[in-house]
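Q: Mind having a look at this structure? Questions to follow.
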Amino acid sequence: MYYIMSCEGPNPIAPVEVYPDLPGGPWFTGARLGFQVPQPLRFKLSTKRRGNAKAFYGPRVPLIRMDLLAALQEAGVDNLELFDAILEDPVTGAGYTDYKALNVLGLVAAADMTASEWQAGLGRELIGVDLIDVFFEKLVLDPRLTQGLLFFRLAQSANAVVIHEQVKKVVDARGVPGMVFYEPKDWGG
């Protein structure tokens, strides 16, 4: 069984407002980054929408807090490219250093497009995949196409981070706050 991973709390949430200016990209191809990443990467929380920093920010340049990263690694996830990051709160001046910028290695076309309900997105032809921006109203994953990976981006909708049930169990057992796991049929995006 696979799930779509999201972080929706703890509430209220402070969104990332300012991302670092990077020399290349994008971070959603599933491939190693082909440019030198300055470290630490500096991100800034919103000055207007105040709240708590969450364990996972994505998809632009994903940020992962160390407690969630430790859970993923304990579950056997090893297809990650990690970079030092600082999440700054410009109002309080606090700098959170318990984050890494995360590039997920693995872009897998695991959606069963016949059984899923979807609308075409931008239809860009990047990285050899015809549809990377599909909006799913009901997603059906074909487990034969997941290649047994524990953690990957969905090729048909690269904003979806897909995790295996064994990873979900470890994250749940560690009690990482705010983590939500959608069954594919319940995920829209």
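FYI, it's all coordinate maths here, none of it is from the lab. This structure is a prediction, so every number in the text was calculated from the model and none was measured. Because the Cβ atoms are built from the backbone with ideal geometry, glycine has one as well, and the counts that use them run over all protein chains shown.
Q: Run the quick spin-label model on MET1 and LYS138: label points 7 Å from Cα toward the beta carbon, then report their separation in nm to one decimal.
A: Going by the 7 Å Cα→Cβ label model, 1.9 nm.
Q: I would also like to ask the following. Okay, helix-only estimate at 222 nm for the chain: each DSSP H run of n ≥ 4 adds -39500 (n - 2.57), divide by all residues, round to 500 deg cm²/dmol; what do you get?
A: Mean residue ellipticity at 222 nm (helix-derived): -3000 deg cm²/dmol.
Q: Setting aside same-chain residues fewer than 8 positions from LYS100, which aspartates and glutamates have a Cα under 14 Å from its Cα?
A: ASP67, GLU81, ASP84, GLU88
Q: Using a Förster radius of 25 Å, what is the FRET efficiency between ASP98 and PHE35 based on their Cβ-Cβ separation? Nearest 0.05, please.
A: Efficiency, rounded to the nearest 0.05: 0.50.
Q: Please go through the residue pairs LYS54/LYS169; LYS54/LYS185; LYS48/LYS168; LYS138/LYS168 and name each one whose alpha carbons sit more than 30 Å apart in this structure.
A: Violating the 30 Å limit, Cα to Cα: LYS48/LYS168.
Q: Using +1 on the beta carbon of Lys and Arg, -1 on that of Asp and Glu, and nothing else charged, what's the dipole of segment 1-98 about the Cα centre, debye to 20?
A: Here segment 1-98 has a charge dipole of around 380 debye.
Q: Let me ask another. Taking a virtual spin label 7 Å from the Cα of ARG50 along the C-beta vector, which residues in segment 1-31 bring their backbone nitrogen under 20 Å of it?
A: Answer for this model: 9-18.
Q: Nearest 20 debye, what's the magnitude of the dipole of segment 36-189 about its Cα centre given +1 on Lys and Arg Cβ and -1 on Asp and Glu Cβ?
A: Charge dipole, segment 36-189, about its Cα centre: 560 debye, nearest 20.
Q: Along the charge dipole of the chain, pointing to its positive end and built from +1/-1 on Cβ of Lys, Arg, Asp and Glu, which listed residue (ASN79, GLY95, GLY188) has its Cα farthest out?
A: Looking along the dipole axis, the top candidate is GLY95.
Q: At 7 Å along the Cα-to-beta-carbon direction for both LEU149 and GLU165, put a label point, then send me their distance in nm to one decimal.
A: In this crude spin-label approximation the distance works out to 2.0 nm.
Q: Calculated from the structure, P(r) over Cα pairs in 5 Å bins from 0, in percent equals which of (i) 1, 8, 17, 22, 21, 15, 8, 4, 2, 1, 0, 0, 0; (ii) 1, 8, 16, 19, 17, 14, 11, 8, 4, 2, 0; (iii) 1, 8, 16, 20, 20, 17, 12, 5, 1, 0, 0?
A: So the calculated entry is the one marked (iii).
Q: Tilt of helix 165-174 relative to the longest C-alpha principal axis of the chain, in degrees (0 to 90, nearest 10)?
A: For 165-174 against the chain, the angle is about 30 degrees.
Q: While we're looking at this one, here's another question. Post the alpha-carbon centroid distance, segment 136-155 to segment 26-100, in whole angstrom.
A: 23
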